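Some notes on the structure that comes next.
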Amino acid sequence: MVKLYGFTHSTCTRLVALVCKEKNIPYELIDVNLAKGEHKQPGFTANQPFGEVPYIDDDGFILYESRAIARYLIKKYPNRGAPLIPVDPKAEALFEQAASIEAFNFIPFVAPIVAEKLFNPRLGLQPNEARVSELLASLQPKLDAYDLILSKQKYLAGDHLPDVQSVTLADLAHLPYGTFFYEVGFAEVFDSRPNFSRWWKDISNWPAWLAVKDGA
């Protein structure tokens, strides 16, 4: 059984748990108490040198970074659940393109907004509203591009090649941070774009996500 070392509400921990649910991979969540700094202790950093959650222990194989873990598990169990990563070269290239969209046009803006509006107040810190406004202004044209892409296809990697006819990891990777963003007062940012909104409602109701949305 895969041992998942993380925090149940962590965005990255839930991404890995989401893949495990989709692929029907049994896993054991080993809770890491971030409030007590357990992720910075030598026993943890021996396996995750950066002191961040999560990492996995798959029968002695240690791996960290949630995107790397997700890809590893998807490729190890290709015939379980949705494929999530296509194997046809052209389809895989479109997947990689979509994954880059998420990594460079979504997360760099949404994640720090979530940090300001949700994580900082939990630590007793006031959000930097000027920074939020700046990030939101930068995000808006990115989401306009999403809306254009999704006006032509159901999912970010497309749906016109035999090997890409369903959701991929590139879509689902938006969920942990995107859900927090949506719920802390920015629903209209998504809902005001019809194609993006249709896509968001689709992926945010994906059964594997609903299984881990409230905790890995």
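Ile62 fulfils the conditions (1) free of Cβ contacts under 8 Å to residues at least 24 places away in the same chain; (2) closer than 23 Å to Leu84 by Cα; (3) in a loop (DSSP other than H, G, I, E, B) except for a single criterion, (3). Going through region 74-97 one residue at a time, which ones are in a helix (DSSP H, G or I), surrounded by fewer than 17 Cβ atoms within 10 Å (Cβ to Cβ) and aliphatic (A, V, I, L, M)? Of everything in region 74-97, just one residue is in a helix (DSSP H, G or I), surrounded by fewer than 17 Cβ atoms within 10 Å (Cβ to Cβ) and aliphatic (A, V, I, L, M), namely Ala93. Here is the figure for region 173-212: residues that are under 15 Å from the mean Cα position of the chain (by Cα), surrounded by 18 or more Cβ atoms within 10 Å (Cβ to Cβ) and farther than 22 Å from Ala98 by Cα total 1.
All conditions but one from (1) part of a helix (DSSP H, G or I); (2) at pLDDT below 95; (3) of a type outside the set (D, E, K, R) apply to Gly124; the one that does not is (1).
Does Ala170 satisfy being assigned to a helix (DSSP H, G or I), open to solvent by less than 50 Å² (accessible area, probe 1.4 Å) and free of Cβ contacts under 8 Å to residues at least 12 places away in the same chain? If you could, list the steps in order and put the result at the bottom.
Values: assigned to a helix (DSSP H, G or I): yes; open to solvent by less than 50 Å² (accessible area, probe 1.4 Å): yes; free of Cβ contacts under 8 Å to residues at least 12 places away in the same chain: no.
Considered against the rule, which asks whether it is assigned to a helix (DSSP H, G or I), open to solvent by less than 50 Å² (accessible area, probe 1.4 Å) and free of Cβ contacts under 8 Å to residues at least 12 places away in the same chain, Ala170 comes out as no.
I'd like the residue in region 98-125 that is closer than 20 Å to Gly185 by Cβ and of a type in the set (Gly, Ala, Ser) and, out of all such residues, is surrounded by the fewest Cβ atoms within 10 Å (Cβ to Cβ).
So the residue we want is Gly124.
Among the candidates Ile56, Ile25, single out the residue that is crowded, with 18+ Cβ neighbours inside 10 Å, in a strand (DSSP E or B) and under 19 Å from the mean Cα position of the chain (by Cα). Working first, answer last.
On the way: Ile25 fails: in a strand (DSSP E or B).
Unique residue meeting the criteria: Ile56.
The values are calculated or read from the model by the stated rules, or taken from the named source; none is laboratory data. Treat the numbers as computed from the prediction; the structure is a model and nothing was measured. Note: ideal-geometry Cβ built from the backbone for every residue, glycine included; neighbour counts use all protein chains shown. Keep in mind that these areas ignore ligands, DNA and RNA; they rest on the heavy atoms of the full protein, side chains included. Shrake-Rupley method; radii C 1.70, N 1.55, O 1.52, S 1.80 Å.
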